[in-house]
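Worksheet: one structure, shown below.
Taken together, the values in this text are just the output of simple stated rules run on the coordinates, not laboratory data. What you see is a predicted model; the values in this text were computed from it and never measured. When we count neighbours, we look across all protein chains shown, and the Cβ atoms used for this are built from the backbone with ideal geometry, even at glycine.
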Amino acid sequence: METIQTNSIKAWILAARPKTLAAAATPVLIGCSLASADGHFLWMPAILCFLFAFSMQIDANFINDYYDYLKGSDREDRLGPERACAQGWITLSAMKKGMLFTTLLSCVWGLLLLQYCGWEMIPVGLLCVLFAFLYTAGPYPLAYHGWGDLLVIVFFGFVPIGCTYYTMSHDWTWNVTIACAACGLVSDLLLMLNNYRDREQDKISGKRTLVVRFGEPAGRWMYLLLGILAVGLCGLYLFSGHTTAALLPLLFLVFHFSTWKQMVRIFKGKELNIVLGKTARNIVLFGLLLSLGLIL
């Protein structure tokens, strides 16, 4: 493997995990599509929402990298993508500075968004920053006690979609609620697969994810059901006349079911990272299908 120079630009790029930015962009895209469908779309707040989502995602990646290493979760038997602190690519002191920088950068984008929405959005932004730390940091890290899935639904569904739409329209509709819940469930597929792959290592580390709590069969079926429930929620758009938004996401199920079958067949080990990439692809596909359906 190529040697990565400590604290180099390449090391920071790897630590930022750019592949995860697609998951951060998807809910913002859906929020923009909802605003466009209702005639409220604005370019500048859309760009700022994307920038906030990207910087918060990178911030969360840095925080998780740092605190998982301190808690001993990133051991030599780690099955997921390599982490920067554990590999020595980024020193702990440098990572702390990186966390501070991305946190402040996120706050800058959030403050710039205030000119398009009210001051009531400040608590939402502060909660984003707070829970980015509480996820793996502190005396009660939420990810280690089975709260990760709920947080994904909130912060990859309701917060980015709802706030993107609200920033442009100063409103909240039933259609927004459906999209928030559906996207949150689909986004949780990545976490569910990560937890399914790491179930044995997490059990040793004391990380009580839902898969660790309820076992491998539960993780396997929860993964499948998350996608089905998301598409089922989209079916509610039939009642508001958004027929394409209800039907287009059905195409996602073809890819979702195929990916699930591959996950079940592989069952365990690093090979599940192949499924991780396909799951990320499926999430983006879902976002594109729902966005297109809403606009049409």
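In the calculated pair distance distribution of the stretch 44-133, what percentage of Cα-Cα distances lie above 16 Å?
Details: 2243 of 4005 pairs.
Percentage above 16 Å: 56.
For residue 5 and residue 114, the difference between the fully extended length at 0.36 nm per residue and the C-alpha to C-alpha distance is 35.3 nm.
Helix content alone sets the calculated 222 nm mean residue ellipticity of the chain: runs of n ≥ 4 DSSP H residues at -39500 (n - 2.57) each, divided across all residues, give -23000 deg cm²/dmol. The label-point distance for residue 124 and residue 247, in a model that sets each label 7 Å from Cα toward Cβ, rounds to 3.2 nm. Cross-linked pairs 96/207; 207/261; 97/268: Cα-Cα separations exceed 32 Å for 97/268.
What's the ranking of 282-293, 182-193 by average number of surrounding C-beta atoms within 10 Å, highest first?
Numbers: 282-293: 21.8, 182-193: 25.8.
Ranked from most to least packed, the peptides come out as 182-193, 282-293.
With 0.36 nm allotted per residue and the present C-alpha distance subtracted, the residue 238-residue 292 stretch has 17.9 nm of extension available. Karplus-derived 3J(HN,Hα) values for the stretch 187-201, using 6.51 cos²θ - 1.76 cosθ + 1.60 with θ = phi - 60°, are 4, 5, 4, 4, 5, 4, 5, 4, 5, 5, 5, 9, 4, 6, 5 Hz; glycine and proline are entered as x.
Once the Cα-Cα distance is subtracted from the 0.36 nm per residue extended length, the residue 97 to residue 225 segment shows a gain of 42.1 nm.
The alpha carbon gyration tensor of the chain gives principal lengths a ≥ b ≥ c with a/c of 1.5 or higher and a/b no greater than b/c, which makes the shape oblate.
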